[in-house]
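To start, the structure itself, in structure tokens.
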Amino acid sequence: MMMTAIACSEAGLSFAGVHDSYWTHACDVDKMNMILREKFVELYEAPILENLLEGFQKSFPNLNFPPLPERGDFDLREVLESTYFFN
């Protein structure tokens with residue numbers, strides 16, 4: 001949400017959000033929807049699980065953690081064209 005809020009601000013859009021509900025002016029909905037998709041892709045292209053595991057291993061060196069699941073072959077960039085990604 002924070003990434004989306006910052007990008008909306010940078011694009012000159014009004015933004016409000018609570019949990020998973022995001023709001024902007026009706027005339028800006030299409031632009032906000034594109035920003036949402038772009039930020040989703042940006043977030044999930046990052047190695048989130050790898051970073052989390054590394055942090056846990058540093059914080060709890062005496063514990064053994066299970067291996068991470070293998071990544072699938074879904075192309076995250078397909079989200080950019082998804083009509084119903086976020087409504």
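No lab work stands behind these numbers, since they all come straight from the coordinates. Please read these numbers as outputs of a predicted model, since none were measured by experiment. Cβ sites come from the backbone with ideal geometry, for glycine too, and all protein chains shown count toward neighbours.
Only one entry of Lys58, Lys31 meets the criterion of being among the basic types (Lys, Arg), over 16 Å from the mean Cα position of the chain (by Cα) and surrounded by 10 or more Cβ atoms within 10 Å (Cβ to Cβ), and that entry is Lys31. Screening Ser21 on (1) surrounded by 13 or more Cβ atoms within 10 Å (Cβ to Cβ); (2) under 16 Å from the mean Cα position of the chain (by Cα) shows it passes everything except condition (1).
Residues are listed down the side, and each one gets a yes or a no for (1) outside any strand (DSSP E or B); (2) charged (D, E, K, R):
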| position | (1), (2) |
| --- | --- |
| Thr4 | yes, no |
| Ala7 | yes, no |
| Ser14 | yes, no |
| Gly17 | no, no |
| Tyr22 | no, no |
| Val29 | yes, no |
| Asn33 | yes, no |
| Glu38 | yes, yes |
| Val41 | yes, no |
